[in-house]
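Since the structure comes first, as structure tokens, the remarks are kept for the end.
Where a number appears in this text, it was derived from the coordinates with a stated rule and is not lab data. In this text, all values refer to a predicted model and were calculated from it rather than measured experimentally. No Cβ is skipped: glycine too gets one built from the backbone with ideal geometry, and neighbour counts run over all protein chains shown.
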Amino acid sequence: MIIGTPRERKTLEKRVALTPDGAKELTSRGHTVLIEKDAGIGSGFGNDLYESAGCQMVDTLEDVWTRSELVVKVKEPHESEYQFFRPGLAIFDYLHLASMPELAAKLVETKITGIAFELVRSSDGRYPLLDPMSEVAGKLSVLNGANLLLSQNNGRGVLLAGTSTIPARRVTIIGAGVAGQAACEAALGMGARVTLLDNNVDKLHNIKVRFGNAPRTVFSTPQSIAIEAAKADLLIGAVLIPGAHAPRLITRETMSRMKPNSVFVDISIDQGGCAETIRPTNLDNPAYLEEGVLHYGVCNMPAQVPRTSTMALSLVTLPYVIQLADKGIVKAMQENQSLKDALNTCNGKLTNKAVSGAVNIDYTPIDEVLK
């Protein structure tokens, strides 16, 4: 199979989908790997390393897309890449279609096969390709939030850890999944007072098992969210419903009652965000003021640490890329339920029910498409 990896086009996105080691594994199996020149530079992988791995270095984005049978990248296709969509081509990356109806419609229209990293589900119910980046984003949410709280960034001018005479500040996290737990770990490590909310009692119990009594745990309801948000210096949204638009748990009224120049970081923004007041931002201009609160809505937070993120991501994606390449796209999905669960579009049909509800495109069961 011919596998292509382009340079990412999202603002300041420096991750790359294949490392030289991963590419070598594919070339050693007889596959052709096309790498756009400089695709790995931002993650510390020079062109020479890919050449040594047996890759073909190509000059342009067009070269990668038009020659490949399977495009493996990190983030969803950029608008400049839509022109290369065609029947018979497959793409494997973070699609997050619930928040991108135009991209979903384009994938359906062009009959491209779209397989989403974030929806690959293991037999024990985990999302192994989403978890590493959720962990990175969770930890970065606290670092970015702490930075925005500084006065030069129009924040409240408070230190999360406090001092020997001044109490630590409050961090409130909504969602106790992988991202929420990572944010909790980072916030506790910085000396903050942490409250974590979730509507899953088992997840709250797991927080206590992992962290003891260091964080407060609160059952999540609209009322408890409003109460805890009002106390927070830093509010973090870490809510996920796989495939679907994130629920809008934080109302504009709740946001308006937060402390002036406090900070809200929404890890859920990839799936549309969990607050009525949030909108996507980018690493060039990451925050804006709304209802007196600094909002941070960067959709690719892990891009801030591309070396760490690329290595963590490629470790878990490579086995699935190998299956797609070795078996072929259709056979790999027919034989691997994890990949089948991640199929979003195929042969002009949208095949994920949760995505369908979010983007208002008719749903077709996967088995009907893969016949």
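Structure notes:
- Taken over the stretch 173-194, residues that are under 18 Å from residue 230 (Cβ atoms) and surrounded by fewer than 23 Cβ atoms within 10 Å (Cβ to Cβ) amount to 1.
- A single member of 161, 137, 146, 104 is within 14 Å of the chain's Cα centre (by Cα) and at negative phi, and it is 137.
- Among the criteria (1) assigned to a helix (DSSP H, G or I); (2) in contact with a Ser or Thr (Cβ under 7 Å, 6 or more places away or on another chain); (3) under 30 Å from residue 126 (Cβ atoms), the one residue 226 does not fulfil is (3).
For (1) under 30 Å from residue 345 (Cβ atoms); (2) without any contact (Cβ under 8 Å) to a residue 60 or more places away in the chain; (3) more than 24 Å from the chain's Cα centre (by Cα), each residue gets a yes or a no:
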residue	(1), (2), (3)
217	no, yes, yes
222	no, yes, yes
233	no, no, yes
237	yes, no, no
241	yes, no, no
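- Enumeration of residues in the stretch 344-371 that are among the polar types (S, T, N, Q) and crowded, with 18+ Cβ neighbours inside 10 Å: 344, 345, 351, 352, 356, 364
- Any hit, the stretch 16-27, residues being in contact with a Pro (Cβ under 9 Å, 6 or more places away or on another chain) and touching a residue at least 24 places away in the same chain (Cβ under 8 Å): yes
- Of the listed requirements (1) under 24 Å from residue 345 (Cα atoms); (2) in a helix (DSSP H, G or I); (3) not acidic (Asp, Glu), residue 114 misses just one: (2).
- Contacts under 8 angstrom Cβ, first residue in the stretch 149-162 being closer than 15 Å to residue 293 by Cβ, partner among the basic types (Lys, Arg) and outside any helix (DSSP H, G or I), 6 or more apart: 149/156; 149/169; 156/259; 158/169
- Filter pass, residue 279 being within 20 Å of residue 174 (Cβ to Cβ), surrounded by fewer than 18 Cβ atoms within 10 Å (Cβ to Cβ) and touching a helix residue (DSSP H, G or I) at 6+ places or on another chain (Cβ under 6 Å): no
- Spans of strands (runs of 3 or more DSSP E) in the stretch 243-339 with at least 1 residues in contact (Cβ under 8 Å) with a residue 60 or more places away in the chain and farther than 25 Å from residue 199 by Cβ: 287-290, 293-296
- Matching residues in the stretch 229-241 - criterion: being assigned to a helix (DSSP H, G or I) and crowded, with 24+ Cβ neighbours inside 10 Å: 229
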